[in-house]
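What follows is a short report on a single structure.
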Amino acid sequence: MSLPIELREDIEYSEDDLVKQLMEKGISRSEAASVWEELFEFVDKELSRFIRALLVSVYENLEVESDPPFANPSRNTIFMGEWIGAYRFFSHTLGREVEIRVIPKIETQHFVQMLNDVSGLVSMLGYPAMKVVWLNTHGLSHVRDHVSYSGMLRQLTELLMAEGLPPTTSPKEFVCSDTVGHVNRSKTIKLLTEGIPLVVARVQEIGYPRIPLMILTKFHALVQKALLQLLNDLEAVESQALKPLKDMILDMIRYHSYVLTTDVLGALVDTAWLADLENSEVLEKAREHAGKSRLLKDIIDLYQSYVCKRPLAFELFDKWRQNVPVQPLPSSKVYELWLLTLFVEIFIERLQVPPLIKEGDGGFEFDFEEAEIGYNLARCDWSKVFSRVVHPPRPDYILIGKGRRAVADAKYKEPRRLRVEDVERIIAYVVDYSEPQDHEEIKGFLITLGESDLGPIIARIDTTPNIKIYHLTADPRQKDAALSRLKAVYEKVFA
């Protein structure tokens, strides 16, 4: 049985801190000191390297601001960064595995609520929002791949069922006492000459295209199996902070299970699972049998993509599976998505229309017709300065409407922990993207954790236009207050 150790994210721990925690679990001081050395080496040589590799390979161009774990030899401390999850290493001192569980700095219950709110964005806006959420929390990993394929397959399946499965006809002969359909004269005469007063009739039997439906069945079964593995991995780490992820994956599994028990597909499960449906000739025949059904052909194309694709950085996850059983979550991205969810709710409430979600320019646009929210967008046509010399920056949020454009940047930290570069970045965003830039004022919003607003932290009223950067707090521990402050942002930009 593994020994669990809980460490809070974004906190520096000394040897004394860990030794004290281990001694409370009944471990002697000398053994606890040895375990500290093992943990220090694991963070320094293994875990830090894994998270940095993750940032480069899976989260590239997503601008994840969560600091990776690291060990500080000069201070003899470790820092777990801002990645929520569980890590394991074998302790030779204890003769068993140690499991490090990273606890959210805002407490587990509020982190769970934050994830649940983000999950609500998917419930509210469907598959396009699913892509926004899972791409930013899991990057281009195998986890995101399975979830994305699940969402796309669900969309196509529901559209196919609404449209109706394409019928096929095939001739069938049977012996009967009455004339039904077309009579096979030669076979009927033969029966009559033998003294059998029956008729051999031929009818056109209506059915469904078997090979395409076998592919649809196997596709659902394969995705369900992959999601079950993800769920088992999450269950194994016993992290309450990741419970919303379990719930989201379980909901997907239930859908695939439901489809596999329907009358048409349920009868094909055993046959489809054992059949070789990946062969190019079989796939081509399936497309032919799909007839005029564009949806069924799209499902066959998607299936071929799914079974042939090898997820990005698969070898990285496979190699580290023993130490990192589930992909950790960058908590700064979860906070960004939570604020995005609140902004979307406010825009829907004010404009009375759901957004059309479009992907492009490295991020996503939430188009409400009269207004827009840009999330992680780098728009050359909006950039006034950077685009002339380099690729433009990507603010967390660009709020657009009524001929106005304002930027907002989220920092998953307390105000006292803001750094110079945090302020430099929001200034750059404001100068580069804000509109109008020829009169009135241009403004930006720096959003952090915390309890109270500090008002404008930077103001230049001797310039034309005036420049103001407002600092406001939006904290998951005070959701109602956070929502109220973001509504005030909406009013400042569009009133």
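Whats the longest run of the chain with zero GluC sites (Glu not before Pro) that are DSSP loop and have at most 15 other Cβ atoms within 10 Å? Answer - 279-368.
Multiply the residue separation of S74 and E31 by 0.36 nm, subtract the distance between their alpha-carbon atoms, and state the gained length in nm to one decimal. It would help to have the intermediate numbers written out before the result.
Numbers: separation 43, 0.36 × 43 = 15.48 nm, distance 2.24 nm.
Here the segment from S74 to E31 would lengthen by 13.2 nm.
Secondary structure note: in region 1-125, about 65% of the DSSP beta bridges are antiparallel. Each of F219, Q229, L242 was scored by the projection of its Cα onto the charge dipole of region 209-256, and the greatest displacement toward the positive side belongs to F219; charges sit on the C-beta of Lys, Arg, Asp and Glu. Using the basic label-point model (7 angstrom from Cα toward the beta carbon), what is the R210 to E158 distance in nanometres? Output for this residue pair reads 3.2 nm.
When the square roots of the Cα gyration tensor eigenvalues are ordered a ≥ b ≥ c, the ratio a/c for region 229-370 is 1.5 or more and a/b does not exceed b/c, which makes its shape oblate.
Which value, in Å to one decimal place, does the Kirkwood hydrodynamic radius take for region 71-121 when every pair of different Cα atoms is included? Numbers along the way, then the final one.
Numbers: mean 1/r = 0.0738 Å⁻¹.
So the Kirkwood estimate lands at 13.5 Å.
Take the Cα of R254, step 7 Å toward its Cβ, do the same at E46, and the gap between the two points is 3.7 nm.
Can you tell me what share of the DSSP beta bridges in the chain is antiparallel? A percent to the nearest 5 is fine. Write down the numbers at each step before the final one.
Working: 50 of 69 bridges.
Roughly 70 percent of the DSSP beta bridges within the chain come out antiparallel.
Go through L47, V19, P73 and say which Cα lies farthest out towards the positive end of the charge dipole of region 3-103; charges sit on Cβ, +1 for Lys and Arg, -1 for Asp and Glu. Going by the charge dipole, the pick is V19.
Taking region 331-494, how much of its Cα-Cα pair set, in percent, is spaced more than 20 angstrom apart? All intermediate terms of the calculation are to be shown ahead of the outcome.
Values: 6407 of 13366 pairs.
Roughly 48 percent, once rounded to a whole number.
Straight-distance candidates among the aspartates and glutamates for linking to K384, with alpha-carbon spacing under 20 Å and chain neighbours fewer than 8 residues away dropped: D361, E365, E372, D396, D409, E424, D432, E435, D438, E440, E441. Quick one: net charge around Q155, please, counting Lys, Arg +1 and Asp, Glu -1 for every other residue with C-beta under 12 Å from its C-beta. Spelling it out: positives minus negatives among the neighbours equals 0. The lysines within cross-link reach of K45, meaning a Cα-to-Cα straight distance under 21 Å and a gap of 8 or more places when in the same chain, are K319. Read through the labelled values [x] 29, 26, 24; [y] 54, 34, 18; [z] 81, 30, 16 and report the label of the one computed as semi-axes √(5λ) of the Cα gyration tensor in Å from the structure. Of the listed options [x] 29, 26, 24; [y] 54, 34, 18; [z] 81, 30, 16, [y] comes from this structure.
Report the charge-dipole magnitude of the chain in Debye, nearest 20, computed about the Cα centre from +1 at each Lys and Arg Cβ and -1 at each Asp and Glu Cβ.
Working: 59 positive and 74 negative charges, 226 e Å.
Rounded to the nearest 20 debye, it is 1080 debye.
Here the simple spin-label model places points 7 Å from the Cα toward Cβ, and for E288 and A488 these points are separated by 6.9 nm. For A267 and Q229, the FRET efficiency from 1/(1 + (r/R0)^6), where r spans their Cβ atoms and R0 equals 22 Å, is about 0.25. Report summary: the helix-based calculation at 222 nm, which adds -39500 (n - 2.57) for every DSSP H run with n ≥ 4 and divides by the residues of the chain, gives -15000 deg cm²/dmol. Here the gap between N61 and R321, fully extended at 0.36 nm per residue and compared with their Cα-Cα distance, gives a gain of 91.2 nm.
Sort S257, S141 so the one with the fewest other Cβ atoms within 10 Å of its own Cβ comes first.
Working: S257 13, S141 23.
In increasing order of surrounding Cβ atoms, one gets S257, S141.
What FRET efficiency do you get for N116 and Q352 if R0 is 22 Å and r is their Cβ-Cβ distance, rounded to the nearest 0.05? For N116 and Q352, the calculated efficiency is 0.35.
At q = 0.11, 0.20, 0.22 Å⁻¹, what log₁₀ I(q)/I(0) does a Debye calculation on the Cα points of region 3-103 give, no solvent, two decimals? Calculated log10 I(q)/I(0) at the listed q: -0.32, -1.00, -1.18. Is there a pair in K402/K443; K297/K358; K411/K468; K131/K246; K225/K413 whose C-alpha atoms are over 27 Å apart, and which pairs would that be? From K402/K443; K297/K358; K411/K468; K131/K246; K225/K413, over 27 Å: K225/K413.
Taking 19 Å as the straight-line reach from the Cα of K190, the lysines in range (excluding those fewer than 8 positions away in the same chain) are K172.
Laboratory data are not the source of any read-out in this text; all were calculated from the coordinates shown. Every value quoted in this text rests on a predicted model; they were computed, and no experiment measured them. Using ideal geometry, Cβ is built from the backbone for each residue, glycine included, and neighbour counts are taken over all protein chains shown.
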